[in-house]
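Down below is the structure, laid out as structure tokens.
Nothing in this text is a laboratory measurement; each read-out follows from the coordinates by a stated rule. All of these numbers come straight from a predicted model, not from anything done at the bench. No Cβ is skipped: glycine too gets one built from the backbone with ideal geometry, and neighbour counts run over all protein chains shown.
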Amino acid sequence: MATNIVTPGPLNHLPAASVQARKSSFAGDLWSVAIRALRALPREPEVIIPSLVIPLFFFTVNIGALQDFAERGIPGLDFRAFQLPTAIVFAVTGVSRATALVTDIQSGYFDRLLMTPMRRLALLLGLMIADLALVVALTLPVLLLGFAVGVGFETGILGMLVFMTLTGFWGLVFTGFPYAIALKTGSPGAVASSFLLFFPFAFLTTSTLPQEALTGWLSAIATYNPMTYLLAALRSLLYGGWQPQVLLEGVVAIISVGVVSMSMALATLRGRVARG
């Protein structure tokens, strides 16, 4: 007859209710979510490749088609340097893990996470940390193409670092919109259509020509478009030297978009948690 042998130990003398998992720190929760999102990126080239190919394509085509025309019409304009920030902003805007979040919602994985002690805010911010890393990675190939066609930074290495910081945070704050849609709807189609939000930012601004070259109504709209001030700040780092006022206006533009987008994302996260 088999005999069960219980080995004495410290846990054998404790009530079952007193044995609990140790709660992770907020940083640990962030890291868990971020590293999972980053590890998934190599398995999803459809997220990365279009975000890189499209801006490189438009940068090349715009230079080839419009450079001579623009530089003849606007003496002193370096059209290649003028277009580089536009290409990079196209690369980093709207890139997010919102589609993956929808998959987690539909599969029930997100609801299971809500049953754990993991902090709710980390579920969103962890994904955004992964987005920031991806945005910085997407900036580098476009910058290299700019260097290859002769674009340089008058503000030097420090200016390039500020440039990448501004574009990184612009890409980060814009992710609030697709995350808000993902958390509200749980629909991959709705998240995919969130890119349409970028079109007013992208084309009703100085993405192709300086504001003084725009027509009256378009110039008026561009004046209220935050991306106009972001592009001006990025271009000032390429040519014109350090311009604190222009850089400050670019930072304010990023913050203003971030206040709206992150408020929406956090509100929909609270709603999703409440429903869960």
- Item | Relative contact order of the range 124-193, defined on C-alpha pairs under 8 angstrom at six or more residues apart (%) | 37 percent
- Query: Going by how many other Cβ atoms sit within 10 Å of their own, how do 181, 54 line up, fewest first?
  - Reply: 54, 181
- With the dipole of the range 26-275 defined by +1 on each Lys or Arg Cβ and -1 on each Asp or Glu Cβ, the option from 108, 232, 263 whose Cα lies farthest towards the positive pole is 108
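Arrange the following residues from fewest to most other Cβ atoms within 10 Å of their Cβ: 264, 128.
Exposure proxy ranking, most exposed first: 264, 128.
As a footprinting exposure proxy, order 198, 163 by other Cβ within 10 Å, with the fewest listed first.
So the ranking, lowest neighbour count to highest, is 198, 163.
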- Correct choice for Cα Rg over 2.2 N^0.38 Å that was computed from the model, options (1) 1.27; (2) 0.98; (3) 2.43: (1)
- Would you calculate, for the chain, the mean residue ellipticity at 222 nm contributed by helices, counting each DSSP H stretch of 4 or more residues as -39,500 (n - 2.57) and dividing by all residues, to the nearest 500? -23500 deg cm²/dmol
- Virtual spin-label span in nm between residue 165 and residue 273, 7 Å along Cα→Cβ: 3.0 nm
- Task: With everything on Cα atoms, drop me the angle between helix 244-275 and the longest principal axis of the chain, reported from 0 to 90° to the nearest 10.
- Result: 30 degrees
